[in-house]
Amino acid sequence: MRPGPSQDDVRRQNLGALLRHVHVHGATTRAELTTTLGLNRSTIGALTADLSAVGLVSEGAPKETGRAGRPSLVVRPESARVYAYAYSVEVDRLRAARVGLGGAVLDRRDLDRPRGLLAAEAAPLLAGAVKEMQQMVPADAICVGAGVAVCGMVRRDDGLVRLGPASGWVDEPIGATLADELGIDVPITVGNVADVAAFAEHARGVAAGCDNVLYLYGDVGVGAGIIAGGRRLTGHGGYGGEVGHMKVVRDGWPCECGARGCWETEIGEHGLLRAAGRSDARGRDALLGVFDAADRGDARAQTAVRQAGDWLGFGVANLVNVFNPEMVIFGGTMRDLYLAAAAQVRSRLNSNALGACLEHVRLRTPQLGTDAPLIGAAELAFERLLADPLDVG
Ligand SMILES: [Zn+2]
């Protein structure tokens, strides 16, 4: 028989649960914590004192409630003092932010990213943004780590980017490259942009409270962040969720991956621009131009958008049958496509998905908008803290 958890394990777990609660839900009274966490009052008091001693939370009187009796103290995350660095390396954008415990963006820098910019060129730009932000950090602040969301296939063990779309990245150790540039000694966790965005929406966005979620993220290509049974599903090596490379047309259009007929050759940037007769164009603005033209009545753009919407519903129907999610979120360029062609998506979904798999599916756009990868990158860093709060700093 395995020995049960030690007292230290239980305490660490309870500290993590209390800190996670105020990190996700904000200021909470001791009374609410007692009920929600199922612990007694004296335990909550002791845990709060421990977290307060290392500067992770503070306690104070609640705002005037007008009710009689002694009010329960309120526990707040030290959002301005405890923070993580978050980076998002997207196809057309580089972003860096300082995110406080509790999820508030304290400071940020957004930069355009020319396509094809290599990791060795991107890292100094991100490091420069961080160095600017560092000048504003209070002297007593605590950095708990850093997280990176990157468009590409990320090896879970060490964050190596095996392959990045439209960027020429092959086997790039972006975490180590960033650590060298920054010269800061904190752990850096790297994740795929769709996985990380799904994580963010699940933690504090539109999918909060949903245990089975599919987040479709589009840029040049299309990937999915999958939450199954409340956990991130990323496969053996971390490369799962590459739904854009589902084969949907035998001998179809050539894909960047080297195969033909992948789903993203129909719904990704190249596919939509090709269908709209704009094969020479590239980039998010060109893509938005197609939606705009469709909106203004351009017949070819309308056909292209309808066709891509039909393909979007076709693929989502397959994914709904496989994963039986309660929510599908359309992020990145998939948000634009879904909003422009919702009727086609729904119609194809209704005719192709199994009724039982489809019956509770809600189709949504991201609540955190384009910030989801950045917020999720910070959550990757906070996960380490929440696992062992007293190991801070
Ligand atoms: Zn492919």
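The values are calculated or read from the model by the stated rules, or taken from the named source; none is laboratory data. None of these values were measured; they are calculated from a predicted model. Note: ideal-geometry Cβ built from the backbone for every residue, glycine included; neighbour counts use all protein chains shown. Quick note on the areas: whole protein, heavy atoms, side chains included, nothing else; ligands and nucleic acids left out. Shrake-Rupley method; radii C 1.70, N 1.55, O 1.52, S 1.80 Å.
Only one of the numbered conditions (1) over 20 Å from Ser347 (Cα atoms); (2) more than 16 Å from the ligand (Cβ to nearest atom); (3) within 18 Å of the chain's Cα centre (by Cα) is violated by Val290, and that is (3).
Residues in region 249-271: is at least one touching a Pro at 6+ places or on another chain (Cβ under 9 Å), farther than 22 Å from Trp169 by Cα and buried (at least 21 other Cβ atoms within 10 Å of the Cβ)? No; the residues of region 249-271 include none that is touching a Pro at 6+ places or on another chain (Cβ under 9 Å), farther than 22 Å from Trp169 by Cα and buried (at least 21 other Cβ atoms within 10 Å of the Cβ). Among the conditions (1) open to solvent by 70 Å² or more (accessible area, probe 1.4 Å); (2) part of a strand (DSSP E or B), Pro114 misses just one, which is (2).
Taking the stated definitions as given, is Tyr239 within 16 Å of the ligand (Cβ to nearest atom), within 24 Å of Val99 (Cα to Cα) and among the hydroxyl-bearing types (Ser, Thr, Tyr)?
Numbers: within 16 Å of the ligand (Cβ to nearest atom): yes; within 24 Å of Val99 (Cα to Cα): no; among the hydroxyl-bearing types (Ser, Thr, Tyr): yes.
The answer is no for Tyr239.
Against the condition open to solvent by 30 Å² or more (accessible area, probe 1.4 Å), aromatic (Phe, Trp, Tyr) and within 24 Å of the chain's Cα centre (by Cα), how does Phe323 come out, does it pass? When the stated conditions are applied, Phe323 passes them.
Filtered by the rule that a residue be open to solvent by 60 Å² or more (accessible area, probe 1.4 Å) and in contact with an Asp or Glu (Cβ under 6 Å, 6 or more places away or on another chain), region 337-393 gives Arg348, His360. The single condition among (1) of a type outside the set (Phe, Trp, Tyr); (2) open to solvent by 10 Å² or more (accessible area, probe 1.4 Å); (3) under 30 Å from Ala149 (Cα atoms); (4) out of contact with any Ser or Thr (no Cβ under 6 Å at 6 or more places or on another chain) that Thr36 does not meet is (3).
The criterion of at least 1 residues that are within 30 Å of Gly100 (Cα to Cα) is met by the following helices (runs of 4 or more DSSP H) wholly inside region 306-393: 333-340, 372-387. Quick check on region 256-271: of everything there that is near the ligand (Cβ under 10 Å from one of its atoms) and in contact (Cβ under 8 Å) with a residue 24 or more places away in the chain, which residue is farthest from Thr370 (Cα to Cα)? For region 256-271, the residue satisfying everything is Glu256. Among the residues making up region 272-285, those that are at pLDDT 95 or above and either within 29 Å of the chain's Cα centre (by Cα) or within 16 Å of the ligand (Cβ to nearest atom) (or both) are Leu272, Leu273, Arg274.
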